[in-house]
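I have placed the structure first, in the form of structure tokens, so that the comments after it can refer back to it.
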Amino acid sequence: MIWTDKIRQVKIALMSAAVLIAGVSLVVSHFLVKDLAREERRRMEIWAEAIRTLSVAESDADLNLVLKVLEENSTIPVIVTDARGDVQTFRNVSIDASDASDSMMVARRMAEMMRGHRQSIKVKLTDAPDDYLLVCYDDSSLLKRLAYYPYIQLGVVMIFVVIAIFALLTSKKAEQNKVWVGLSKETAHQLGTPISSLMAWTEILRETYPDDDLIPEMDKDVKRLQLIADRFSKIGSTPEKQEVALAELLRHVVDYMDRRTSQKVRITLEVEDEAAVVSVNPQLFEWVFENLCKNAVDAMGGRGGIHIHAFHSEGRMFVDVTDTGKGIERKNIKNVFRPGFTTKKRGWGLGLSLAKRIVEEYHSGSIYVLRSEVGKGTTFRIEV
């Protein structure tokens, strides 16, 4: 839980940093765009004045400075029209050479550009109300790029945050895997020696008291311990799969649980296809169903019913495990498979996490909560 809290805090810190960077970038870029827009406005006012001077100049006037001002505008798209809306000239507006000879085409292309413009300067040539030029201009490409830049930066920052979180979760998962494997291997190793001794003592007792009814039961329990140790030893390595009859595997689980639960718990099994065969590791897959049944017994408080329903659909086998327990609250459904999560007063919260690992990582299947209702029960579904 401490590690999970740290991961959550890091996520929040990364997201907060991303939002802060994006916000500062947007604010700074906004002011830069406004400053650049004002500068372009001043440049266009000078350019408009140059157009006016050129339009009213005498034939013998020196226009070198005016022409230089007009030529220096190489970035801002501009259109000049008269009072009737006829295009007089344009600059920095892309027009195909084939279209430039067609005045109607040029006028139409100019009209399209003018519909999008937001800036214009009215240049009066004389005191007559209809004797003026209208200089319409659009933002330069530099200004447009600067306006889009914060959003591009925001996208880059978000990608960085996603990659950072993914790397963090991957490292967390790798560390968890090491803990799982180490714990499992060590448990199997520690169980090995006492189990071997118990098996030897059982054989001695069987030879000494061949008619004792308790010795076969002891032998079953020792073999059960050996099976558990074998399961733990398989964690962290690729399990060997084999073709097994699903009905037989489930009956083995039901028989085992029936012998070890109260008579107040009724376990029923329904297999639609008795001949169905699945490719699994039987020891690990039985462990999954035992975990589900044990959790169901705990959820029911030792009283109720468990129904296991196996069926075939669209090339896959489905197994539903339904109990009549207390159910799972909606807010907890997404956490039931998380290591360490448990609603019981006692327990490590590892059973369902281990079951998910066995089904999804070792058998390429899936396990999830199909439905759950508080006070009525829960159904887990396994697909293989």
- Of everything in the stretch 135-176 that's modelled with pLDDT of 75 or more and among the charged types (D, E, K, R), which residue is farthest from Val28 (Cα to Cα)? Asp138
- List pairs: first in the stretch 177-195 and at pLDDT 70 or above, second part of a helix (DSSP H, G or I) and open to solvent by less than 30 Å² (accessible area, probe 1.4 Å), Cβ under 7 Å, 6+ apart or cross-chain? Ala188/Ala229; Leu191/Ala229; Gly192/Ala229; Ile195/Val222; Ile195/Ala229
- Query: So, of the residues in the stretch 256-274 that are free of Cβ contacts under 8 Å to residues at least 24 places away in the same chain and in a helix (DSSP H, G or I), which turns out to be most open to solvent (accessible area, probe 1.4 Å)?
  - Reply: Arg259
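Out of curiosity, is Phe285 open to solvent by 30 Å² or more (accessible area, probe 1.4 Å) and among the aromatic types (Phe, Trp, Tyr)? Explain how you work it out, then say what you get.
Values: open to solvent by 30 Å² or more (accessible area, probe 1.4 Å): no; among the aromatic types (Phe, Trp, Tyr): yes.
Taking the combined requirement at face value, the residue does not satisfy it.
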- Query: Taking interchain pairs and intrachain pairs at least six residues apart, which have beta carbon atoms under 7 angstrom, with the first residue in the stretch 81-92 and of a type in the set (Val, Ile, Thr) and exposed (fewer than 15 other Cβ atoms within 10 Å of the Cβ) and the second outside any loop (DSSP other than H, G, I, E, B) and modelled with pLDDT of 80 or more?
  - Reply: Thr89/Val80
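Which of the residues belonging to the stretch 59-79 are open to solvent by less than 70 Å² (accessible area, probe 1.4 Å) and aliphatic (A, V, I, L, M)? Before you say what the answer is, go through the steps one by one.
Residues of the stretch 59-79 open to solvent by less than 70 Å² (accessible area, probe 1.4 Å): 61, 63, 66, 69-70, 73, 75-79.
If the condition is that a residue be open to solvent by less than 70 Å² (accessible area, probe 1.4 Å) and aliphatic (A, V, I, L, M), then Ala61, Leu63, Val66, Val69, Leu70, Ile76, Val78, Ile79 are the ones that fit.
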- Message: Checking the conditions here, which among Val277, Val253 is modelled with pLDDT of 85 or more, within 28 Å of Gly304 (Cβ to Cβ) and either surrounded by 12 or more Cβ atoms within 10 Å (Cβ to Cβ) or aromatic (Phe, Trp, Tyr) (or both)?
- Response: Val253
- Between residues in the stretch 32-58 that are open to solvent by 70 Å² or more (accessible area, probe 1.4 Å) and residues that are among the acidic types (Asp, Glu), which pairs lie under 9 Å by C-beta distance while being six or more apart or on different chains? Arg43/Glu72
- Task: Scan (1) in a loop (DSSP other than H, G, I, E, B); (2) in contact with a His (Cβ under 9 Å, 6 or more places away or on another chain) for the single condition Ser59 breaks and write down its number.
- Result: (2)
- Query: Residue check: is Glu272 acidic (Asp, Glu) and modelled with pLDDT under 85?
  - Reply: no
- Note on the structure: Screening Gly351, Gly302 for residues that are surrounded by 19 or more Cβ atoms within 10 Å (Cβ to Cβ), touching a residue at least 12 places away in the same chain (Cβ under 8 Å) and of a type in the set (Gly, Ala, Ser) leaves only Gly351
- When the residues of the stretch 308-337 are filtered to those that are polar (S, T, N, Q) and outside any loop (DSSP other than H, G, I, E, B), which remaining residue is surrounded by the fewest Cβ atoms within 10 Å (Cβ to Cβ)? Ser313
- Selection count, the stretch 361-382, where residues are open to solvent by 60 Å² or more (accessible area, probe 1.4 Å) and either among the acidic types (Asp, Glu) or in a helix (DSSP H, G or I) (or both): 2
- Task: State the number of residues belonging to the stretch 266-281 that are within 13 Å of Val253 (Cα to Cα) and polar (S, T, N, Q).
- Result: 1
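The values are calculated or read from the model by the stated rules, or taken from the named source; none is laboratory data. From a predicted model like this one, the values you see are computed outputs, not experimental measurements. Using ideal geometry, Cβ is built from the backbone for each residue, glycine included, and neighbour counts are taken over all protein chains shown. For the accessible areas, the whole protein counts, side chains as well, though only heavy atoms, and no ligand, DNA or RNA atoms are used. Shrake-Rupley method; radii C 1.70, N 1.55, O 1.52, S 1.80 Å.
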